[in-house]
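> One structure is given below, represented as structure tokens, and several questions about it will come after.
The values are calculated or read from the model by the stated rules, or taken from the named source; none is laboratory data. Fair warning: this is a prediction, and the values are worked out from it, not measured in the lab. Cβ coordinates were reconstructed from backbone atoms using ideal geometry, including for glycine residues, and neighbour counts include every protein chain displayed.
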Amino acid sequence: MKIIRYLDESENAQFGWVHEDRAGLIEGSPFQAFRRAAAEFPLSDLHLLPPVAPSKIICVGRNYAAHAQEHEAEIPDLPLLFLKPPSSLIGTGETILLPPQSQRVEHEAELAVVIGKRSRWLDTEGAKDAVLGYTIANDVTARDLQRRDGQWTRGKGFDTFCPLGPWIETELDPADAVITCMVNGELRQMGSTRDMVFPVRQLVAYASSVMTLEPGDVLLTGTPAGVGLLNDGDELVTSIEGIGELRNPVRAEQPH
């Protein structure tokens, strides 16, 4: 099932579900008991939001060997975790803003895991049961600031630096899904989740050994090789086989 969040006519956020090119309301929460109303309105008419409003966005660095190599960095012995703030979230169609503080902002296409229930100290089997589904993310990064600071909060944390969507796919097998990233129609990244250093279940279990995972929390699983520069006026398309595509224009933010 594809799960969306959207704005209704009263500008309230609602959960819904998708069937082909139409959508219906989810009565209740996808993290608890719910009922699906008929898919009776065109999906194209909806303003889609990021499909969840997480308490935290957990990210994994250097989880593809080729990406670590392109930055001349070592592959970690354990998952390398960091956080992006929820204020960095935007949905499909929303604009990535290039901050005036940075001269090099880059794209990082990633599979995102959506947690379905409150979890702590999971093993890999429990990690499977804790996942609601999967969506598409781009871990937009101010690379010059990341390198300058030596830690990653500022370089990863700007508003609009976490496009997420367009929906949660609950039926995806994350073992071998192709991830691609295109900028202005040019292929920049292509890789498979089979090339992860640490697979999804291991990442979820490891994160749960550090912090309590809440329903709706998001775990970004790392990016394949090929990250590259974003410029004012670019159009970014991040795709994952079995989910769909996430589209975001890129614009320079004017300093205040």
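> Among (1) assigned to a loop (DSSP other than H, G, I, E, B); (2) surrounded by 14 or more Cβ atoms within 10 Å (Cβ to Cβ); (3) over 14 Å from the mean Cα position of the chain (by Cα), where does residue 223 come up short?
Every condition holds for residue 223 apart from (3).
> Now for a separate question. In region 21-57, which residues are part of a strand (DSSP E or B) and in contact with an Asp or Glu (Cβ under 7 Å, 6 or more places away or on another chain)?
Matches in region 21-57: 22, 24, 34, 35, 42.
> Hey, can you tell me all the residues within region 140-150 that are in contact (Cβ under 8 Å) with a residue 40 or more places away in the chain and part of a loop (DSSP other than H, G, I, E, B)?
Result: 140, single match.
> Does region 167-180 contain at least one residue that is more than 16 Å from the chain's Cα centre (by Cα) and assigned to a strand (DSSP E or B)?
no
> Could you tell me which of the residues 124, 223 is among the hydroxyl-bearing types (Ser, Thr, Tyr) and within 30 Å of residue 23 (Cβ to Cβ)?
223
Yes or no, residue by residue, for (1) surrounded by 13 or more Cβ atoms within 10 Å (Cβ to Cβ); (2) at pLDDT 95 or above; (3) not assigned by TED's automatic domain parsing to the domain that holds residue 133; (4) not small (Gly, Ala, Ser):
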residue: 30; (1), (2), (3), (4): yes, yes, yes, yes
residue: 35; (1), (2), (3), (4): no, yes, yes, yes
residue: 63; (1), (2), (3), (4): yes, yes, no, yes
residue: 68; (1), (2), (3), (4): yes, no, no, no
residue: 72; (1), (2), (3), (4): no, no, no, yes
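> Quick one: which residue in 55, 102 is within 20 Å of the chain's Cα centre (by Cα) and either buried (at least 20 other Cβ atoms within 10 Å of the Cβ) or polar (S, T, N, Q) (or both)?
Details: 102 fails: within 20 Å of the chain's Cα centre (by Cα).
The unique qualifying residue is 55.
> Could you list, in sequence order, all residues of region 105-152 that are more than 30 Å from residue 32 (Cβ to Cβ) and either β-branched (Val, Ile, Thr) or buried (at least 24 other Cβ atoms within 10 Å of the Cβ) (or both)?
Those that are more than 30 Å from residue 32 (Cβ to Cβ) and either β-branched (Val, Ile, Thr) or buried (at least 24 other Cβ atoms within 10 Å of the Cβ) (or both): 105, 107, 108, 109, 140, 141, 142.
> Another question, if that's okay. Among 185, 244, which is the only one that is surrounded by fewer than 20 Cβ atoms within 10 Å (Cβ to Cβ) and free of Cβ contacts under 8 Å to residues at least 60 places away in the same chain?
On inspection, the qualifying residue turns out to be 185.
> If you check 204, 178, which single one turns out to be buried (at least 18 other Cβ atoms within 10 Å of the Cβ) and closer than 23 Å to residue 141 by Cα?
Unique residue meeting the criteria: 204.
> Looking at 164, 111, 132 in this structure, which one is part of a strand (DSSP E or B), under 19 Å from residue 234 (Cα atoms) and touching a Pro at 6+ places or on another chain (Cβ under 7 Å)?
So the residue among 164, 111, 132 that is part of a strand (DSSP E or B), under 19 Å from residue 234 (Cα atoms) and touching a Pro at 6+ places or on another chain (Cβ under 7 Å) is 164.
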